[in-house]
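Working notes, beginning with the structure itself.
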Amino acid sequence: MTLFLKKVTLFGLLFCLLPLLIIKVANYFYNNEPTLNTVFVWGDSQTMHGIDFEALRKETNMNIKNASHAGAGVYDFLVFANNMKHGATIVVGYSKLIFLRGKNLDYNRSGLYLQGLYLLHKNSYKYSYKSSYAFY
């Protein structure tokens, strides 16, 4: 009986850890490009529509990687910041609406990032928070 439990436990651990290892290795190989000639852009829909990426590419003579999308929220920003390498050139665009809209309108399309979730919990981030600011 103990041999059976050991094998089931080992299989369960391998079943959980092997996909994580595969994802980490794949992420390292596919997302490990040099950042010297690249500008990374993050923001919400105002950033996405307000920046002319072709003009930015021509002006800087650098590649542009756009991570901005409509409804980008705090969690998305944490995931974006975690994936940036030290010394990368980054443009972070945010509008007043990010601070005024309710957090329940954030899409948070990024994948699972446990350290980011812990950081949000530690800083009392509430999903149901509604902003009390008025538009002027």
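Nothing in this text is a laboratory measurement; each read-out follows from the coordinates by a stated rule. Here the structure is a predicted model, which is why all the values come from computation and not from measurement. Ideal geometry is used to build each Cβ from the backbone, glycine not excepted, and the neighbour counts take in all protein chains shown.
Odds and ends about this structure:
- Fully extended contour minus Cα-Cα distance, from Asp52 to Lys65, at 0.36 nm per residue: 3.4 nm
- Pair-distance distribution of the range 27-95: all C-alpha pairs, bin width 5 Å, starting at 0; shares per bin in whole percent are 4, 16, 28, 24, 19, 9, 1.
- Förster-model FRET efficiency, 30 Å R0, Phe29 and Met1, C-beta, rounded to 0.05: 0.10
- Ordering 52-58, 42-48, 88-94, 14-20 by mean Cβ neighbour count within 10 Å, with the highest value first, yields 42-48, 88-94, 52-58, 14-20.
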